[in-house]
Amino acid sequence: MTGKRGIGVASSSLALIATCLGWAPPAGADGHGRHAHGQPVACQGQENTSYRPGLTLTPRRVGIRAHASYTCSDRPGRTVAAAGDIAAVSPDSTCLALDTPRGHEVVRYGDGSVSEIDYSTGHAGRVLGFNAVRLSGVVVKGRDKGAMAERIIELAPTGLPVGCLTPEGVRQAGGVVQLRIVP
């Protein structure tokens, strides 16, 4: 899926998954997603994820590494490119579901600023063949330190689903990601 149609389908799918996972502005935000002390940062983009060991049908502890390419906005009409690198662990995961993932992300903005986010809670589900993951946490260092952060990822395996049946399992996935930081 590429082009405007692909972007539209991906955006619609992400909205559906966000609704299913209960996406809402973090506590302390007003009805517009803004906090009285600053502007929210809203990012969206693409993510490539790897699993070690790979996801199979047998539940096991899985290490997750991902790289996201974001376009972020902190006020109307202003966008900045950003890149996020995340390391996470999911304690009891399979091809069918990631189990309560938790992790740490470093977001590097094109203007030179950096945010480090600890995600302490995670929820995951499988919707229409995609793994949908919602992470919630706090910016612990750098830009927007102390702000609440939420991240939603919609991932599809990059290989055939039969990878779940092999001893190596599914080792990679790709999809769309959305990050929201609310000071």
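For segment 128-163, name all the residues that are of a type in the set (Val, Ile, Thr) and closer than 19 Å to TYR51 by Cβ.
VAL133, ILE152, ILE153, THR158, VAL162
List pairs: first in segment 79-90 and over 19 Å from GLY137 (Cα atoms), second assigned to a strand (DSSP E or B) and open to solvent by 20 Å² or more (accessible area, probe 1.4 Å), Cβ under 7 Å, 6+ apart or cross-chain?
Taking only residues 6 or more apart or on different chains, the pairs are THR79/THR71; THR79/SER73; ALA81/THR71.
The values are calculated or read from the model by the stated rules, or taken from the named source; none is laboratory data. These numbers come from a predicted model, not from an experiment. Because the Cβ atoms are built from the backbone with ideal geometry, glycine has one as well, and the counts that use them run over all protein chains shown. Protein only, heavy atoms only, side chains kept; ligands, DNA and RNA dropped before computing areas. Shrake-Rupley method; radii C 1.70, N 1.55, O 1.52, S 1.80 Å.
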